[in-house]
Amino acid sequence: MTPRFPCLGRQVRSYATRRDFLYGLGASIGAVAFSQLLADESRSTDGTKSLLSPKPGHFAAKAKRCIFLMMEGGPSHIDTFDPKPKLEEMHLQEFVREGERKSAMESGRRYYVQSPFKFHCAGQSGADMAENWEHLSGVADEICFYRGCQVDSVNHPTAMYQMNTGNRFAGDPALGAWTLHGLGTLNQNLPGFVVLPEVSHPQGGAANWSNGFLPADYQGTPLRPTGSPILDLQPPPGITPEHQRENLDLLQHLNTRHQEKRPGHAQLAARMASYELAFRMQMEVPGILDIAQESRRTLDLYGVGSEPTDAFGRKCLLACRLIEQGVRFVQLYAGTWDSHDYIARAHASLVR
């Protein structure tokens with residue numbers, strides 16, 4: 001009988017250990033698959049369904065998926081949707097807390113400053129909105145303005161953690177992770193929780209989309225903001241899907257033999273499943289990420305190809321395409337709203 005893998009009978013010299021090979025996947029599509037859908041294909045050791053299989057909610061819901069637009073730095077409420085007319089009267093008056101004694105060593109003074117933007121009532125609801133939100137005013141009646149949010153920190157990383165996880169300190173699951181935990185995901189060939197960061201990661205880093213104490217299956221998968229969204233998404237020239245399939249079959253055979261001697265190592269089975277997911281992603285992801293397939297009219301609606309809307313518009317359109325393909329939760333980071341001065345100029349550009 002002809003051996004399935006003839007090369008197994010030959011001596012193959014290798015200067016890299018098996019562990020080196022696995023760690024080498026850390027910067028490629030294998031890492032994306034491993035971080036998001038560890039046990040999707042293989043099912044767990046007790047034969048139950050994948051943790052990411054779709055689950056029914058406790059209540060019937062109209063919303064099936066979520067796009068979370070995260071304006072890092074926080075646009076001020078008094079410059080957006082919460083006018084403070086009193087500030088116009090107090091503009092440039094010195095600010096001193098009641099009962100506060102000014103020290104002779106005080107290095108600087110603080111002043112009340114009015115918003116540089118004018119406000120108007122938008123929609124039939126009469127929602128307060130700064131006038132420079134030109135297009136948002138047209139959908140004012142579709143927006144919920146929640147004015148009850150309070151936080152415990154004004155420091156950037158801890159405030160980011162509290163916004164994303166509910167806790168000022170890193171280590172808790174992000175909202176997207178909880179969503180996957182409760183509902184699963186709708187497309188087993190794609191990550192269920194995708195993050196679209198800026199060129200640099202936000203304050204606090206990857207802990208903002210962490211799985212926390214939940215299984216690793218639920219953590220967010222960030223796509224690269226420049227260049228290829230996922231490294232090694234395209235196979236090298238000359239490598240066909242058939243070649244990849246043969247390689248995966250061989251790898252599966254070797255891994256299975258290795259796992260049989262180590263039955264207590266569940267992580268190995270998860271990694272084996274991640275290779276299969278990576279292969280499926282190579283088939284499906286490129287078409288989703290190619291927004292050039294969209295019509296010129298759609299690109300114009302998203303502001304793609306024009307400044308200053310191009311970068312944000314591309315991510316919004318990509319988020320929409322991911323959601324349409326069954327990704328459960330997409331978080332999109334947009335702009336740096338941490339302006340301490342020149343607010344009229346800095347925020348006006350971001351608003352546009």
Subtracting the Cα-Cα distance from 0.36 nm times the residue separation, let me have the gained length for residue 78 to residue 244 in nm, one decimal.
-> 54.2 nm
Residue 340/residue 90 FRET efficiency (R0 22 Å; Cβ-Cβ; nearest 0.05) = 0.70
Quick note, region 153-218: a/c under 1.5 would make it rounded; otherwise a/b > b/c is prolate and the rest oblate (a ≥ b ≥ c, C-alpha gyration tensor); here it is oblate
Residue by residue through region 182-189, which ³J(HN,Hα) values in whole Hz follow from phi under the Karplus form 6.51 cos²θ - 1.76 cosθ + 1.60 (θ = phi - 60°), with glycine and proline marked x?
-> x, 10, x, 10, 9, 9, 6, 9
Dipole moment magnitude, nearest 20 debye, region 101-228 about Cα centre, only Lys, Arg, Asp, Glu C-beta charged = 620 debye
For region 71-185, what does the alpha-carbon gyration tensor say about shape, rounded, prolate or oblate, given a ≥ b ≥ c as the root eigenvalues, a/c under 1.5 as rounded, and a/b over b/c as prolate?
-> oblate
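A short reminder: the numbers here are calculations on the coordinates, not readings from a lab. The model shown is predicted, which means the values in this text are computed figures rather than measured ones. As a convention, Cβ positions derive from the backbone with ideal geometry for all residues, glycine included, and neighbour counts pool all protein chains shown.
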